[in-house]
Amino acid sequence: MNSKQLVLDAFYNKEVERTPWVPFVGCHAASLIDVTAEDFFKNSDYIVKGVQKAYELYNPDGLPALFDLQVEAEAMGCELKYAANNPPSVATHPMEQGKKLEDLKIPTEKDGRFPIVLKATREICQSLGDNIAIYGLITGPFTLALHLMGTDIFFEMIDEPENVHKLMTFCQEVCINTSRMYIEAGVDIIAVVDPMVSQISPDSFAEFVSPYATAVFDYIKSTGKGCSFFVCGNAKNNIEEMCKCKPHNISFDENIPMEFVKEIAVKYGVSIGGNIKLTVTMLFGTPMDNIKDAENCMAIGGKKGFILSPGCDMPFATPQENVKAVTSTVHGEVGEFLEYTNVLEGIEVQLPDYQKEEQVILDVITLDSESCAPCQYMMEAVRVAAADFGDKVRYTEHKIKNKEAVVCMLKLGVQAIPTICIDGKIKYVSIIPDIEQLKKSIREAIEEK
């Protein structure tokens, strides 16, 4: 059985001889060919070379053609902020700037970076598609709606739900059309990546996401291709709702225990993918840390309906030896990676004495607001809310792509990201607060000083 068939069999819930391995190589591919992430995402030749290099180095069973959740948004008028070692992030939202829904157009093969992305995808499918499974990643409908409307969508869901339903219907059509373009380019699996659904309740999910995501999966299935619902962030409360949308597979990150997801997924006949830790293990850990994490995932996932992968897009600077260590685990060849050290040993972080500080202090623990959509929108909420209080409040983003931030997270007792702590107390865990509610929390903390 070749690698591609191994992924497809696991994806469709068949027993397999060994665990398939799909490293989600996005901006990390740029580091493999010594170019910046910005140059990588704007150049089809770089995208192809980066993915081919990942194939050579990591002996995967599948790979994404690209991991960029901003392609559709940019093609519809969102301005992006590019970075040297992160995927781009959405900087402006057209509907916040006066555009109406009817002004927005479903992007085609000729819009934005789609000519670059589709050219690269076709070449990747032609060169690697016989050997490994190629994933086409599209932006899920709710995250796309956030990109277009901004955080106002959370108010609209309460005050003007019909407006949100109209926007979600439009985003559904964008998703279907983007899926079509990737399928015609030759991919085997469409992953609908919708991290912002981790920020809403199951009731809101059922009302504002399920009908539209289900329609996208129905379309993908009608083409004979596989479909995955891929949610980064703490989507634990929505795992069952995700399964009810009837994808073939759900993928998730380290915020959610695999045992929990597997139990629900088995009930719905859905395969699972995940969930090696992105920062503590893959970015900062040793090869032995990665071996242990992979072995734990494989032990829980089993050999039916499970694909081993990182919890999300691998960080740019992920050490190659760490990824190779996971490959060695999958293939039963771990001998050269048996050295172990504690990567956080010796790193000191001093938290403020919150009771003695005159200011209210907001610590925001994120993966990185420049590359993680829930983190980005949580930081936007903090900036807007804090602005009303002037120098009575200060806030700090702790990006756990930095070792010191990981130590800070551990000291604060934070277990899921993104999280807002107010004066050292965990307040909002993996949920973007309503601006007025956040202001109220800050005001109460000021009054306690």
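The values are calculated or read from the model by the stated rules, or taken from the named source; none is laboratory data. Just so we're clear, the structure is a prediction, and the values are computed from it rather than from any experiment. Here the Cβ is made from the backbone with ideal geometry for all residues, glycine too, and neighbour counts use every protein chain on show.
The table below gives the values:
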read-out: Enumeration of residues in the range 299-319 that are part of a helix (DSSP H, G or I) and surrounded by fewer than 19 Cβ atoms within 10 Å (Cβ to Cβ); value: Ala299, Ile300
read-out: Any chance Leu101 is outside the structural domain of Met379 (by TED's automatic domain parsing) and more than 23 Å from the chain's Cα centre (by Cα); value: yes
read-out: Residue identified as basic (Lys, Arg) and under 27 Å from Asn249 (Cα atoms) among Lys42, Lys49, Lys4, Lys81; value: Lys4
read-out: Residues (buried (at least 19 other Cβ atoms within 10 Å of the Cβ) and closer than 28 Å to Lys303 by Cα) located in the range 10-27; value: Ala10, Phe11, Val16, Thr19, Pro20, Trp21, Val22, Pro23, Phe24, Val25, Gly26
read-out: Candidate set: the range 210-238, residues that are crowded, with 24+ Cβ neighbours inside 10 Å and of a type in the set (A, V, I, L, M); chosen: the one nearest to Ile176 (Cα to Cα); value: Val216
read-out: Residues (over 14 Å from Lys324 (Cα atoms) and assigned to a loop (DSSP other than H, G, I, E, B)) located in the range 277-298; value: Lys277, Phe284
read-out: Among the residues listed as Lys427, Lys356, the single one being among the basic types (Lys, Arg) and either under 22 Å from Cys312 (Cα atoms) or touching a strand residue (DSSP E or B) at 6+ places or on another chain (Cβ under 6 Å) (or both); value: Lys427
read-out: Boolean, Asn13 is in contact with a Lys or Arg (Cβ under 8 Å, 6 or more places away or on another chain) and part of a loop (DSSP other than H, G, I, E, B); value: yes
read-out: Boolean, Ala381 is within 28 Å of Glu38 (Cα to Cα), part of a helix (DSSP H, G or I) and not β-branched (Val, Ile, Thr); value: yes
read-out: Subset tally (residues that are within 19 Å of the chain's Cα centre (by Cα) and either in a helix (DSSP H, G or I) or farther than 26 Å from Glu370 by Cα (or both)) for the range 55-71; value: 2
read-out: Cross-chain or 6+ apart pairs with Cβ under 7 Å, the range 304-323 first and under 17 Å from Lys292 (Cβ atoms), then buried (at least 24 other Cβ atoms within 10 Å of the Cβ) and hydroxyl-bearing (Ser, Thr, Tyr); value: Ser309/Ser251
read-out: Residues that are surrounded by 20 or more Cβ atoms within 10 Å (Cβ to Cβ) and touching a Gly at 6+ places or on another chain (Cβ under 8 Å), drawn from the range 77-123; value: Pro87, His93, Pro94, Met95, Thr121
read-out: When residues of the range 195-240 are limited to those that are polar (S, T, N, Q) and assigned to a helix (DSSP H, G or I), the one farthest from Ile272 (Cα to Cα); value: Ser204
read-out: Test: residue in the range 99-108 that is over 24 Å from Ile189 (Cβ atoms) and of a type in the set (Asp, Glu); value: yes
read-out: Members of the range 271-324 that are of a type in the set (A, V, I, L, M) and over 23 Å from Gln5 (Cα atoms); value: Leu278, Val280, Met282, Leu283, Met288, Ile291, Met314, Ala317
read-out: Some residue of the range 126-144 being part of a helix (DSSP H, G or I), modelled with pLDDT of 95 or more and surrounded by fewer than 16 Cβ atoms within 10 Å (Cβ to Cβ); value: yes
read-out: Glu102, sole failed condition from (1) acidic (Asp, Glu); (2) under 23 Å from Asn59 (Cβ atoms); (3) without any contact (Cβ under 8 Å) to a residue 12 or more places away in the chain; value: (2)
read-out: Selection from the range 22-43 of residues that are within 22 Å of the chain's Cα centre (by Cα) and either assigned to a helix (DSSP H, G or I) or over 20 Å from Thr121 (Cα atoms) (or both); value: His28, Ala29, Ala30, Ser31, Leu32, Ala37, Glu38, Asp39, Phe40, Phe41
read-out: Pair list, Cβ < 6 Å and 6+ apart or interchain, from the range 230-250 residues that are not assigned by TED's automatic domain parsing to the domain that holds Ile417 to residues that are part of a loop (DSSP other than H, G, I, E, B) and at pLDDT 95 or above; value: Val231/Asp194; Cys243/Val270; Ile250/Val270
read-out: Top-ranked residue of the range 145-187 - restricted to ones that are acidic (Asp, Glu) and assigned to a helix (DSSP H, G or I), ranked as farthest from Tyr212 (Cα to Cα); value: Glu184
read-out: Enumeration of residues in the range 261-279 that are β-branched (Val, Ile, Thr) and over 16 Å from the mean Cα position of the chain (by Cα); value: Val261, Ile264, Val266, Val270
read-out: Among residues of the range 259-296, those that are hydrophobic (A, V, I, L, M, F, W, C), surrounded by fewer than 21 Cβ atoms within 10 Å (Cβ to Cβ) and farther than 26 Å from Glu404 by Cα, counted; value: 3
